[in-house]
Amino acid sequence: MLDYRDFKKWVGACKKDQPVGDANSITSCPIACYFKAKGYQASVSGIKIDLVKETRDSKKAVTVPEHIQFPTPAWAYNFINLIDSEGDLHIVSRAEAMRALQKAHEVTERGETIDLKWKNDQFKV
């Protein structure tokens, strides 16, 4: 459901000065914003991604929520931790997201994981 190439293409298509999300936010991080652009409400963590999309049931004339949940892919886990390590609730630029995405992909390809550690009152890689 979350493809590295599709996400990278979405980030790259954002305007140069356009923020792609917020760090340390499960509902407005870059991955959540990616899914919002696709019409989902999203909650993203290092463990799982929860999506809800409301669809109209024309036969019953009601809106029906569709809930999708899946494990966070390894590259996305690494990406989230790189973005979140930069500090509390800051706006993530397209350039920052692209750098973190490239590093996350490289680390994942080596079979490694980027974990956050609490240090000096904030999370660090």
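As a proxy for reagent exposure, ranking Thr72, Thr113 by other Cβ atoms within 10 Å from fewest up yields Thr113, Thr72. Sorted fewest first by neighbouring Cβ atoms within 10 angstrom, Phe7, Phe70, Phe35, Phe79 come out as Phe70, Phe7, Phe35, Phe79. Remark: Asp84, Asp57 ranked as Asp57, Asp84, counting other beta-carbon atoms within 10 Å and listing the fewest first. Taking 7 Å steps out from each Cα toward its Cβ at Leu116 and Lys38 produces label points 2.3 nm apart. Rounded to the nearest 20 debye, the dipole magnitude of segment 47-117 is 340 debye, with +1 charges on Lys and Arg beta carbons, -1 on Asp and Glu beta carbons, and the Cα centre as origin. With a Förster radius of 22 Å applied to the C-beta separation of Lys16 and Lys103, the computed FRET efficiency comes to 0.65.
Bear in mind these aren't lab numbers, they're just calculated from the coordinates by the rules spelled out. In this text, all values refer to a predicted model and were calculated from it rather than measured experimentally. Every residue, glycine as well, gets a Cβ built from its backbone with ideal geometry; the counts of neighbours run over all protein chains shown.
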